[in-house]
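Report on the following structure.
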Amino acid sequence: NQTIAGARAMAQTPDAPTFDVPPAPWDPADESITSEDIGNVVSFEHVNLEVPDLEIARLFFCEGLGLTLDPSRIGAQRGGMNVLWMNVGKQQFHICKGPVAQRLPTPGSAIGLVLPNLPAVAAQLEQLRELIGNVKVAYITPEVLQVTDPHGQCYMVHAHSQFPNFAADRGIVYLQLPCFVGTAAEIARFYSTLLGSPIRVRTQDQQQAGQPIQAEVNMGHPGTKLIFQERKELGSTFTEKDVLRLFSGWHMAFYVADFSGTYSRLRPLLFNNHPYKDKVYNFKDALNFHQYRFQDIVQLPASGTLEDRKGGSLPVLYRISHECRSTAHPNFLRCLFNR
């Protein structure tokens with residue numbers, strides 16, 4: 001067969017390319033190497049906050065920051081008429097009407113955003129001062145804008161050039177969260193062990209002088225991270241009550257690939273004391289809702305399992321309400337319109 005013979009001859013030709021350039025040395029400290037890696041957490045979808053006045057929230061997020069009120073969902077699909085969904089790239093803010101404004105913990109928390117036009121954002125927010133009250137806007141650098149909303153929540157708005165590996169021209173690039181001294185590494189270990197998230201822990205030796213120890217948790221596409229920063233103001237001695245005082249009730253939603261395995265590992269921490277309909281008492285319920293929720297981040301034993309939690313013996317290090325979804329959830333990869 002001449003065709004087969006010809007193919008064999010081509011495969012054996014001495015002109016085939018050779019790769020004689022040695023590979024670049026692998027430097028674990030080079031963050032660009034792992035910038036496009038994700039773990040079990042596939043993507044980060046939304047942050048949910050309660051505020052007492054939805055109109056002020058709409059003006060701040062849409063007219064000020066330039067986000068887009070989601071046009072594809074009516075009130076019943078959002079969870080009621082007192083819920084707004086704001087699109088920011090491939091992600092969202094869910095803003096609900098509540099008696100007290102919810103914020104990320106203080107001191108030192110921030111919601112990091114990437115937005116395409118910082119001068120426009122600054123000008124828009126300045127124009128809103130008389131309508132929505134105490135809004136603070138200040139340039140930290142030409143590519144970083146610090147914004148504080150009427151409830152005191154800090155937003156750090158970045159040009160995309162500061163996060164070139166963030167896979168969208170706008171979105172939630174990080175949540176910066178203060179934690180107690182000595183807990184950042186253990187919090188990161190919790191996410192790595194139970195949720196399968198890639199982590200990066202920076203010790204005092206790796207930090208620049210005067211900067212806090214921190215741990216970064218990769219929450220998947222489009223490149224969102226949780227950044228836990230140890231704050232000296234919070235101290236190193238704390239009780240569970242001290243941890244709970246930092247938590248105002250806000251939540252975040254994300255998608256995982258190993259839905260059943262993650263459920264199994266987190267099962268002792270699952271909770272149903274929330275106002276939503278997705279109450280999960282067994283895995284059949286989780287499959288029905290395509291999600292489950294947990295709050296407490298605990299110090300894991302050497303085994304890395306939560307078996308000791310049944311006896312109440314695992315210290316609580318942090319609390320965040322996590323909405324953990326499967327990739328079968330109807331909102332996974334839903335197209336979001338942005339102006």
How much of the DSSP bridge set in the chain is antiparallel, in percent, rounded to the nearest 5?
65 percent
Taking R0 as 45 Å, what FRET efficiency do you get between LEU244 and ASP169 from their Cβ-Cβ distance, rounded to the nearest 0.05?
0.75
Mean separation of Cα pairs under 8 Å and 6+ residues apart, divided by the residue count of the stretch 41-117: what relative contact order is that in percent?
39 percent
Which of rounded, prolate or oblate describes the stretch 82-124 when judged by the alpha-carbon gyration tensor and an a/c cut-off of 1.5?
oblate
Candidates ASN117, ASN48, ASN87: whichever shows maximal mean-square fluctuation once the chain is modelled as a Gaussian network with Cα springs under 10 Å
ASN117
Label model pair MET81, GLU143: point-to-point distance (7 angstrom along the Cα→beta-carbon line) in nm is 4.6 nm
Just to be sure I understand: with springs between alpha-carbon atoms less than 10 Å apart, which residue in GLY108, GLY171, GLY235 has the highest mean-square fluctuation in the Gaussian network model of the chain?
GLY235
Obtain the nm distance between the two label points defined at ARG267 and THR237 by a simple spin-label model: each point lies 7 Å from its Cα along the Cα-to-C-beta direction.
3.9 nm
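Only Cα pairs under 8 Å and at least 6 apart count here; give the relative contact order of the chain as a rounded whole percent.
Numbers: 651 pairs, mean separation 64.7, N = 339.
In percent, rounded to a whole number, it is 19.
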Hey, for a label at GLN127 modelled as a point 7 Å past Cα toward Cβ, could you say which residues of the stretch 77-92 have their backbone N under 18 Å away?
none
Using Cα-Cα distances under 8 Å and only pairs 6 or more residues apart, what relative contact order does the stretch 135-244 have, in percent?
24 percent
Shape descriptors of the chain over alpha-carbon atoms, Rg and Dmax in angstrom, are 22.8, 83
In the stretch 259-339, the chymotrypsin sites (Phe, Trp or Tyr not before Pro) that fall in loop regions by DSSP, at most 13 other Cβ within 10 Å:
TYR276, TYR281, PHE337
Counting other C-beta atoms within 10 Å, and keeping those with at most 15, which DSSP coil trypsin sites (Lys or Arg not before Pro) do you find in the stretch 173-249?
LYS232
Using a 10 angstrom cutoff on alpha carbons, build the Gaussian network for the chain and name the most mobile of ASN40, ASN218, ASN288.
ASN288
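How much area per residue is accessible in the chain when the probe is 1.4 Å and only protein heavy atoms are counted (Å²)? Let's see the in-between values first.
Values: 16960 Å² over 339 residues.
Result: 50 Å² of accessible area for each residue.
Hey, any idea what % of the chain's accessible area is carbon plus sulfur with a 1.4 Å probe? Write out the running numbers ahead of the final one.
Values: 9130 of 16960 Å².
C and S fraction of accessible area: 54 percent.
The values are calculated or read from the model by the stated rules, or taken from the named source; none is laboratory data. Being a predicted model, the structure only gives us computed values, none of them experimental. Here Cβ is always computed from backbone atoms with ideal geometry, including for glycine, and neighbour counts include all displayed protein chains. With ligands, DNA and RNA removed, areas are computed over all heavy atoms of the protein, side chains included. Shrake-Rupley method; radii C 1.70, N 1.55, O 1.52, S 1.80 Å.
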